[in-house]
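S.K.: Quick one: this structure, given as structure tokens, is what I'll be asking you about.
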Amino acid sequence: MTDNVLTLLTARHAAQRPDAPAIAGQDERDRWYDVSWSEFDSQVVTAARAMAMLGVKPADCVGTFSANRPENLVTDFACYRNRAVSVSIYATSSPEQVAYIVNDASCALLFAGNTTQYHFAREVQAMCPVLKKIVVIKPIQLDPDDKTSILWSDFMKLGAEAPADIVMEVARRTDEARPSDLATLVYTSGTTGEPKGAMLTHANYDAALDAHVQRLTMVTPSDVSMAFLPLSHIFEKGFTYYCLLVGAKVAVNRDPRAIQDTIKEVRPNCMCSVPRFWEKVYAAVQEKIAGMNPVSRAMVRMALSIGHKRNIDYRRRGLTPPAWVEGLYGFFDRKIFAALREAIGIDNPNIFPTAGAHVSPEIVEFFHSCGLFLMVGYGLSETTATVTCFPMTGYEIGSVGTPIPNVQVKIGDNSEVLVKGPANMKGYYNKPEATAEAFTADGWLRTGDAGYIDDKGNLFLTDRIKDLFKTSNGKYIAPQALETRLGTDKFIEQVAVIGDCRKYVSALIVPAFDQLEKWAAEKGIDTSSRERLLTDPRVIAMMEKRIAALEKGLAPYEKIKRFTLMPREFTMDSGELTNTLKIKRRVISERYADVIENMYR
């Protein structure tokens, strides 16, 4: 019998809690339904046999090109029963990006989520002779000339009718699974260059899950986690696996654009997210507060002051708050904070892991004061997700927490964060040179992030080493820190800071057009044309004033001297953002070279 945690995870829960809900999904009408552990395990077994029927062998790579669906988890665990390798591909990837991964990983079998991904997959199949079979998860009409694709229902029928020799073969593979087996290839999106597939073994996942069991003791089978980020992202994949391990139900959110609605329908206790989610919630709450009458606004400010004292001044430090603080907090929690949490869709909060970019201390303090624990953390695909995160007490706001158990962190040359531990990847698939570059001679993983560690062991990140730039005056600038500051403003949707080898710092700013147009209409400014709106002197003056307020405390050379308001968002589809919503600086610099040059004339 295998010792791998993931290989028989569903079987163990099915034996112990067969009728308990394991996952929740949405049908084609967006209605939620539960899948029990018994049914989940049955689907995994059936899918594993179907894979074997289609020729999947141990160590073969199987691709999943889909938005979040329960079937994505079924295919993952079915791979593990076959000792095969799960390769998750972002649903927003272009045919060329999918083709690169399919070729690199030699995926003969690819699962496609919906009609769009099916047609992209067919384009990929024309470019990649290695791709032999496509399975379409959503029940759609296949192209009349398509002789190699099948629907999920037919795929599962294959597994349900598998002959005895296939049943025995899958059982044998499951028994022979070893920690050294490759479990997943997680392709890094990268801001430059081609994607690299981080090879994560079952031993990596075993170590990562064990560390989370030790650190995240507050997550229990009574919790509900919302899988909001793509399951192709190691952050969501790792946390979802952890929640399933401890028996918490995972609700699989299919459309990230609908999260404001689905979070209110599911009302999760836990949810991974990137800081941008909380920035938007924060901006909406601040606008609501600003629109209150003076008495109500004063009441909210008093509530936040008491919340800060109780949750940050005392409980964060492991101290018991005075009775008067606890009493006042109880009052404000019932009258104000509960209503706020209910409006967001989080009535009974537990933890909300947040990573992927810098989180503003102001936002962390605000939500912690309101009784929402943003568990700020840091990790990489190459480390099987988490390296550090906030403990429940003793964390420092502004940091990304302390190392999780069995993970070592130190600072190397050029302030680079180095990581060593049993969850570090085996290397990059088919890229021995990149693998060698990723590690120091004594085995520490180079993260590419700059930072420092305080005397209490908290890790502080300053920026990506490659993102740091120097002005022509010799001053170093950390663009992500500036972008995070500006991103807290309700009028700002996206920011790209410019300044490498320039005499001062500038920025391309995408306004939050719903907020800007509302403000402009109130001021009698024409909103019928974005070009006229963004060049109106009153709009420019308003944005200058807000940026100046956000930059208080910065050195003069760090402040933005010029900015241009952009008429459209940076997007993944245009190639300006990575799949994790990070700005591709090289692409931005090249694409908007004329606009940037105008700010320096």
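The values are calculated or read from the model by the stated rules, or taken from the named source; none is laboratory data. The structure presented is a predicted model; accordingly, all values stated were derived computationally and were not measured. So basically every Cβ, Gly included, is an ideal-geometry build from the backbone, and we count neighbours across all protein chains shown. For the accessible areas, the whole protein counts, side chains as well, though only heavy atoms, and no ligand, DNA or RNA atoms are used. Shrake-Rupley method; radii C 1.70, N 1.55, O 1.52, S 1.80 Å.
S.K.: Please list the non-local residues whose amide H lies under 5 Å from the amide H of V376, H modeled 1.01 Å from N, same-chain partners needing a gap of 5 or more.
M.R.: Residues meeting the criterion, in which the H sits 1.01 Å from N, are T354, F390.
S.K.: Could you give the accessible area per residue of the range 353-445, probe 1.4 Å, as a whole number in Å²? Walk me through the intermediate numbers first.
M.R.: Details: 3370 Å² over 93 residues.
I get 36 Å² per residue for this part.
S.K.: Hey, any idea what % of the range 368-517's accessible area is carbon plus sulfur with a 1.4 Å probe?
M.R.: On the way: 2770 of 5830 Å².
Here carbon and sulfur together make up 47 percent of the probe-accessible area.
S.K.: At a 1.4 Å probe, what is the % contribution of carbon and sulfur to the accessible area of the range 219-364?
M.R.: For the range 219-364, the apolar C and S fraction of the accessible surface comes to 57 percent.
S.K.: Next question. When ligands, DNA and RNA are left out and all protein chains stay put, how many square angstrom of accessible area per residue does the range 59-118 have with a 1.4 Å probe?
M.R.: 21
S.K.: Can you give the convex hull volume per residue for the Cα atoms of the chain, as a whole number of Å³?
M.R.: On the way: hull volume 104.1 nm³, N = 601.
Measuring per residue, one finds 173 Å³ for the Cα hull of the chain.
S.K.: For the range 191-262, what does the accessible surface come to per residue with a 1.4 Å probe? Please give it in Å². Before the final figure, lay out the partial values.
M.R.: Values: 2250 Å² over 72 residues.
Value for the range 191-262: 31 Å² per residue.
S.K.: Please determine, in degrees from 0 to 90 and to the nearest 10, the orientation of helix 95-105 with respect to the longest principal axis defined by the Cα atoms of the chain, where the helix direction is its Cα long axis.
M.R.: Value to nearest ten degrees: 50.
S.K.: Still on this model: Return a whole-number percent for the relative contact order of the chain, with Cα pairs under 8 Å and 6 or more residues apart as the contact set. Intermediate results must be reported in sequence, preceding the final value.
M.R.: Working: 1129 pairs, mean separation 64.5, N = 601.
With pairs under 8 Å counted, the relative contact order is 11 percent.
S.K.: Please calculate the 1.4 Å probe accessible area of M156, with all protein chains present, and give it to the nearest 10 Å².
M.R.: For M156, solvent-accessible area is about 30 Å².
S.K.: Can you tell me the orientation of helix 275-290 relative to the chain, as the angle in degrees between its alpha-carbon axis and the longest Cα principal axis, to the nearest 10?
M.R.: So the helix axis and the longest Cα principal axis differ by about 40 degrees.
S.K.: Between L319 and W32, what is the FRET efficiency for a Förster distance of 35 Å, r being their Cβ-Cβ separation, to the nearest 0.05? Can you show the working numbers first?
M.R.: Details: r = 41 Å, r/R0 = 1.16.
With a Förster radius of 35 Å, E is 0.30.
S.K.: What is the set of long-range amide H partners of T64 at a cut-off below 5 Å, with H atoms built 1.01 Å from backbone N?
M.R.: Distant-sequence amide H within range of T64: V87, S88, I89, F111.
S.K.: Can you compute 3J(HN,Hα) from phi for each residue in the range 342-359, using the Karplus curve 6.51 cos²θ - 1.76 cosθ + 1.60 with θ = phi - 60°, rounded to whole Hz and x for Gly and Pro?
M.R.: Using θ = phi - 60°, the values come out as 5, 5, 6, x, 10, 7, 10, x, 10, 10, 10, x, 9, 7, x, 6, 5, 10 Hz.
S.K.: While we're on this one: So which aspartates and glutamates can K420 reach, going by Cα to Cα under 12 Å and dropping same-chain residues fewer than 8 places off?
M.R.: E382, D442
S.K.: Take the Cα coordinates of the range 1-56, assign each an equal point scatterer, and use the Debye formula without solvent to give log10 I(q)/I(0) at q = 0.12, 0.24, 0.29 Å⁻¹.
M.R.: -0.35, -0.96, -1.06
S.K.: Given an 8 Å cut-off on Cα distances and at least 6 residues of separation, report the relative contact order of the range 247-362 as a percent. Spell out each step's value before the answer.
M.R.: Working: 75 pairs, mean separation 59.6, N = 116.
Relative contact order here is 51 percent.
S.K.: Over the range 1-63, what percent of the accessible surface lies on carbon and sulfur atoms, probe 1.4 Å?
M.R.: Numbers: 1300 of 2810 Å².
In the range 1-63, the share of accessible area belonging to carbon and sulfur is 46 percent.
S.K.: Turning to a different aspect of this structure: What is the helix-to-structure angle for 164-176, meaning the angle in degrees between its Cα long axis and the longest Cα principal axis of the chain, kept from 0 to 90 and rounded to the nearest 10?
M.R.: Long axis of 164-176 versus the principal axis of the chain: about 50 degrees.
S.K.: Can you run phi through the Karplus equation (6.51, -1.76, 1.60; θ = phi - 60°) for the range 519-533 and list ³J(HN,Hα) in whole Hz, with x for Gly and Pro?
M.R.: Karplus values, whole Hz, x for Gly and Pro: 5, 4, 4, 5, 8, x, 8, 5, 10, 6, 10, 5, 4, 5, 4.
S.K.: Further question on the same structure: Could you pull the Rg and Dmax for the range 261-307, using just the Cα atoms, both in Å?
M.R.: Radius of gyration, then largest Cα-Cα span, for the range 261-307: 13.6, 35 Å.
S.K.: Given the protein chains as shown and a 1.4 Å probe, how many square angstrom of L577 are accessible, to the nearest 10?
M.R.: Probe radius 1.4 Å; accessible area of L577 about 20 Å².
S.K.: Can you give the accessible area of M53, probe radius 1.4 Å, in Å² rounded to 10?
M.R.: Surface accessible to solvent at M53 totals approximately 70 Å².
S.K.: Now for a separate question. Specify whether the C-alpha gyration tensor of the range 1-133 places it in the rounded, prolate or oblate class, a ≥ b ≥ c being the square roots of the eigenvalues: rounded for a/c under 1.5, otherwise prolate if a/b is larger than b/c and oblate if not. Write out the running numbers ahead of the final one.
M.R.: Values: a/c = 2.63, a/b = 1.42, b/c = 1.85.
Oblate, because a/c is 1.5 or more while a/b does not exceed b/c.
S.K.: Please turn the phi angles of the range 362-376 into ³J(HN,Hα) values with the Karplus equation 6.51 cos²θ - 1.76 cosθ + 1.60 (θ = phi - 60°), one per residue in order, whole Hz, x for glycine and proline.
M.R.: Rounded to whole hertz, the list is 4, 6, 4, 4, 4, 6, 5, 5, 7, x, 10, 8, 6, 8, 5.
S.K.: Which whole-number percent of Cα pairs in the range 535-601 have a distance greater than 16 Å?
M.R.: Working: 1359 of 2211 pairs.
Tail of P(r) above 16 Å: 61 percent of Cα pairs.
S.K.: Can you give me the long-range amide H partners of A385? Hydrogens built in the peptide plane at 1.01 Å from N, cutoff under 5 Å, separation of 5 or more residues or another chain.
M.R.: Residues meeting the criterion, in which the H sits 1.01 Å from N, are L380.
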